[in-house]
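One structure is given here, and the rest of the page talks about it.
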Amino acid sequence: HTRIRRIVSMAFNLSRFKKLEPGIRALAIEMIEKFENEGHAEIVKQLAYDLPALVIFMLLGVPNEDVQQVKSWAESRLLITWGDLTEEEQLVHAQNMVRYWEYCQNLVALRKENPTDDLPGDLVRLQAEGHEISDREIAAICYSQLFAGHETTTSLMGNGIRELLLHPESWKAICENPSLIPNAIEEILRFSPSIVSWRRKALEDSEIGGVTIPAGSNLLLVMGSANRDEANFENGETFDIQRPNAKEHLSFGYGIHFCLGSPLAKLEFKIVLEELTRKIPHLTIKENQVFQFALNTSFRAPVALEVEW
C-alpha cells in the first residue's frame, strides 16, 4: 500500500486536478443549462449522478464513445459485489467484469504506445522513469477509480445541495458571497458525510473511553457521530457554513488511508455550487417531498432531490 500510494500520489495531485477544472466547469454549465429554463429539476438524476463519473473518465482518458460501455461494466461490478443475483445473472456480470478488467489493461498498453496527459499516462511515465509500479498495478488503479471515484462525490453533491436548501439562509449566503463556498463544503462534509460509518476489527485488546474492546471484536466506527462531537465542534448539531474549524471532520478518513481524491471531490462540488448559484439563485427545495436513502450501514445520500424555482 505504501509503495503504490506514494507513486500514485505523484500523479493524482493538485496540478492534475487543476488541468481538469475547465472541463469540469464546461460540463457543469452544459448540464445545468439543460434544465435551467424548466423551473424544476431532480438534482441527483440530472446533475449529481453523471457529472462525477464523467470527470473520472476525463481523469483516466476514457474517450466519450466508451463512456456508456464503461458505466455499464461499473454497474456490473456494483451488482456482483453488493447485489443479490441468480447464478445466471452472476455469470453475465462476471463476464462484464472480465471485459472491464481487459479494458483497464488496454488503457495502460495504449499509453505505452502513445503517451497521454492523463492519470494512466502519468503512471506509465513514472514507471518508465524507474518507479516501482507494474502494468497490472496501474490497471488495477484505473479499475478501482472507474468505479469508486464518483459514487461518494455524487453523494456529497446530493447531501450538500439538500442541506443548503433545507437551511435557506445558507443558500442565500453563498449566492451573495461565493467565497463562502469552500468552507460551506467542509461543513457539509462534517454535518452530512457521504459515508457515515465504516467497519473494522480489533487486532488486540483495547480500551477506548473507558470501554473494553476485546481482540477480534467487530467494530462499527461512526464518523458521522465523531463529526458532531461537542468536544471538538461547538454546537455540533448546528449546520453553520462559517464554522471556523469545519475542515477538522473525519469524512475523508485519517492517517495513511486519507482519501487521495478529496481535492478533486471538493473542486467538482465547488464548481457545481458556483454555477448553480450564479444561474439559478432562487433555487428552493420542493415542498412535502419524502427523502429516501439506500438501506445500508455506511453510505448515506438522498436517492432523489426535487428542486424548483
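The values are calculated or read from the model by the stated rules, or taken from the named source; none is laboratory data. Since the structure is predicted, the reported quantities are computational estimates derived from the model, not experimental observations. Ideal geometry is used to build each Cβ from the backbone, glycine not excepted, and the neighbour counts take in all protein chains shown. What goes into the accessible areas is simple: the full protein's heavy atoms, side chains included, and nothing from ligands, DNA or RNA. Shrake-Rupley method; radii C 1.70, N 1.55, O 1.52, S 1.80 Å.
Residues considered: Arg125, Arg243, Arg200. Largest GNM mean-square fluctuation over the chain, using C-alpha springs under 10 Å, is found at Arg200. Of the chymotrypsin sites (Phe, Trp or Tyr not before Pro) found in the range 117-223, none is in coil by DSSP with at most 13 other Cβ atoms within 10 Å of its Cβ. With a cut-off of 19 Å on the backbone N, the residues of the range 234-251 near the modelled label site 7 Å out from Glu176 along Cα-Cβ are 239-244.
Treating only the Cβ atoms of Lys and Arg (+1) and Asp and Glu (-1) as charged, compute the dipole magnitude of the chain about its Cα centre; round to the nearest 20 debye. Could you put the intermediate results ahead of the total?
On the way: 31 positive and 44 negative charges, 138 e Å.
Taking the Cα centre of the chain as origin, the dipole is about 660 debye.
With no solvent and one point on each alpha carbon, what is the Debye value of log10 I(q)/I(0) for the range 192-300 at q = 0.10, 0.11, 0.14, 0.22 Å⁻¹? With one equal scatterer per Cα and no solvent, log10 I(q)/I(0) is -0.44, -0.53, -0.83, -1.45.
Between Glu186, Glu151, Glu129, the residue with the greatest mean-square fluctuation in the GNM of the chain (Cα pairs under 10 Å linked by springs) is Glu129.
Residues Glu65, Glu42, sorted by accessible area with the largest first, give Glu65, Glu42 [1.4 Å probe; ligands and nucleic acids excluded].
In terms of the Cα gyration tensor, with a ≥ b ≥ c the square roots of its eigenvalues, is the range 1-114 rounded because a/c is under 1.5, prolate because a/b exceeds b/c, or oblate?
On the way: a/c = 2.00, a/b = 1.12, b/c = 1.80.
In terms of gyration-tensor shape, oblate.
When the C-alpha to C-alpha distance is required to be over 20 Å, the pairs from Lys172/Lys270; Lys19/Lys112; Lys45/Lys172; Lys19/Lys266; Lys45/Lys286 that qualify are Lys19/Lys112; Lys45/Lys172.
The phi-based Karplus calculation (6.51 cos²θ - 1.76 cosθ + 1.60; θ = phi - 60°) puts the 3J(HN,Hα) values of the range 109-117 at 4, 4, 6, 6, 7, 9, x, 10, 9 Hz, whole numbers, x for Gly and Pro.
When the solvent-accessible area of the range 158-231 is split by element, carbon and sulfur atoms take up 57 percent of it, the probe being 1.4 Å. Under a GNM of the chain (C-alpha, springs under 10 Å), which listed residue has the highest mean-square fluctuation: Thr153, Thr284, Thr81? Checking each option, the largest mean-square fluctuation is seen for Thr81. For the chain, the solvent-accessible area works out to 54 Å² per residue, with a probe of 1.4 Å and every protein chain left in place. Computed over neighbours whose Cβ is under 12 Å from that of Ser225, the net charge equals -1, Lys and Arg +1, Asp and Glu -1. When you restrict to C-alpha pairs under 8 Å that are six or more residues apart and normalise by the size of the chain, the relative contact order lands at 23 percent. For Phe233, the solvent-accessible surface with a 1.4 Å probe is about 0 Å², rounded to the nearest 10.
Extension gain, Glu204 to Ile256: 0.36 nm times the residue separation minus the Cα-Cα distance gives 16.7 nm. Each of Ala215, Ala41, Leu305 was placed along the dipole of the chain (beta-carbon charges, centred on the mean Cα), and the one lying farthest toward the positive end is Ala215.
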